[in-house]
Amino acid sequence: MSTTTVLLPPEISLLVNERGQVWDRYDASQTSFRALQSLAKETSTSGDVDSVVALTAGENPPDEINAAISEINQQMGLSKTKKDKITQIVTEIEHIQSNLRTLYITMGVSIVILIAIVVFWLSRQM
């Protein structure tokens, strides 16, 4: 089996390399697009925005999208952490309320027993 080597002129070689870079950027954009779609399912829109603050120095759209995805993921992680903390605090409050109910019942029963003892003692004194 023989191999044949084809030499391309530098202009064509440059175009082939550029074409490869375009496809690489396209693949990266598709990955970002899928990430945005999954984030869109987890978040709600807050309306239209007239102006957008640049997240990167170059303001290159693919870089901006990647920076936005990163920022959204960070904010969602922070939101989840705070939600977990709220759930923990609510659980602690419910535990305290349960202990308080037990204390009220114990105090009520103790008062009833104390009144019964006092009434019994007073009835014996008469």
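Computed from the coordinates by the stated procedures, all read-outs in this text should not be read as laboratory data. Bear in mind that the values here come from a model prediction, so they are computed numbers and not experimental data. Heads up, the Cβs are rebuilt from the backbone with ideal geometry, glycines too, and the neighbour counts pull from every protein chain shown.
Some notes on this structure:
- Net length gained if the chain between T91 and E18 were fully extended (0.36 nm per residue, minus Cα distance): 20.5 nm
- Annotation: extensible slack from L122 through L8 equals 29.3 nm (criterion: 0.36 nm per residue apart, minus Cα-Cα distance).
- Each Lys or Arg adds one and each Asp or Glu takes one away; over the other residues whose Cβ falls under 15 Å from the Cβ of N17, this sums to -1.
- Neighbour net charge for S70 - beta-carbon separation under 13 angstrom, K R +1, D E -1: -3
- With helices as the sole contributors, the chain gives -29000 deg cm²/dmol at 222 nm; each DSSP H run of n ≥ 4 counts as -39500 (n - 2.57), and the sum is divided by every residue.
- Each of V90, I111, S44 was scored by the projection of its Cα onto the charge dipole of the chain, and the greatest displacement toward the positive side belongs to I111; charges sit on the C-beta of Lys, Arg, Asp and Glu.
- In Hz, Karplus ³J(HN,Hα) per residue of region 110-117 (6.51, -1.76, 1.60; θ = phi - 60°; x = Gly, Pro): 5, 5, 4, 5, 5, 5, 4, 5
- Rounded to the nearest Hz, the phi-derived 3J(HN,Hα) couplings of region 9-24 under the Karplus curve 6.51 cos²θ - 1.76 cosθ + 1.60 (θ = phi - 60°) are x, x, 5, 6, 4, 4, 5, 5, 5, 5, 4, x, 5, 4, 5, 5, where x marks glycine and proline.
- Backbone geometry of region 83-100 corresponds, through the Karplus equation with coefficients 6.51, -1.76 and 1.60 at θ = phi - 60°, to 3J(HN,Hα) couplings of 5, 5, 5, 5, 4, 5, 5, 4, 4, 5, 5, 4, 5, 5, 5, 5, 5, 5 Hz, x marking Gly and Pro.
- Listed peptides 111-122, 59-70 by packing density, highest first (mean Cβ within 10 Å): 59-70, 111-122
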